[in-house]
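Engineer: Sharing a structure here in structure tokens format.
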Amino acid sequence: MDNSQLLDTALRAMQSAYAPYSHFHVGAALLTESGEVYTGCNIENAAYSCTVCAERTAFFSAVRDGHRKFTKIAVVGGMNGEISSFTYPCGVCRQVMREFCDDGFVLLFTDGKNVRELTLADLLPYSFSPANLDMEV
Ligand code: THU
């Protein structure tokens, strides 16, 4: 799957966002090392802290199915689903990514006009990872 297909998949996933409180809709499309794609959307809750981001929805679905290695994720978001700026992952999602991805993991974003490509090392330098606990995922 190429970058534009992955971004299109994230855009479609955004349509499932449940965001009645913030009205900020997010979609994610996560590519496994073996080539499968898992999607996610944000799911909010009246008890706000129960909210889960689109990225974690995608990661946890993939891990549930036994995947542990990932190469790329596309993330899109905007108020009421209108894409007008790049949507970067929150700190919690960056740390969840670090559990299963190395520095070279690629993240794709769009503001509706341009595509931006970054790595996990760009977004989470000097991170705490399974290696700190002598763990290999
Ligand atoms: N959100 C995501 O799903 N992913 C991000 O990368 C940033 C924020 C969600 C959480 C919440 O439902 C809404 O966006 C506003 O914070």
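Engineer: Could you give the semi-axes, largest first, of the ellipsoid that matches region 3-133, computed as the square roots of 5 times the alpha carbon gyration tensor eigenvalues and rounded to whole Å?
Structural biologist: 22, 17, 14
Engineer: Starting from the coordinates of the alpha-carbon atoms of region 22-63, obtain the Kirkwood hydrodynamic radius over all distinct pairs and give the value in Å to one decimal.
Structural biologist: 10.7 Å
Engineer: Of all DSSP beta bridges in region 3-133, what percent run antiparallel (nearest 5)?
Structural biologist: 80 percent
Engineer: Suppose every Lys and Arg Cβ carries +1 and every Asp and Glu Cβ carries -1, with no other charges. What dipole size does the chain come out with about its Cα centre, to the nearest 20 debye?
Structural biologist: The dipole magnitude comes to about 240 debye.
Engineer: Further, regarding this structure: In percent, how large is the relative contact order of the chain, given Cα pairs closer than 8 Å and 6 or more residues apart?
Structural biologist: 20 percent
Engineer: Quick check: Cα centre of region 11-64 to Cα centre of region 99-137, how many Å?
Structural biologist: Between the Cα centre of region 11-64 and that of region 99-137, the gap is 17 Å.
Read-outs: derived from the displayed coordinates by stated rules, not from any lab. Values in this document were obtained by computation on a predicted structure and should not be read as measured data. Counting neighbours? That spans all protein chains shown, and the Cβs are built from the backbone with ideal geometry, glycine included.
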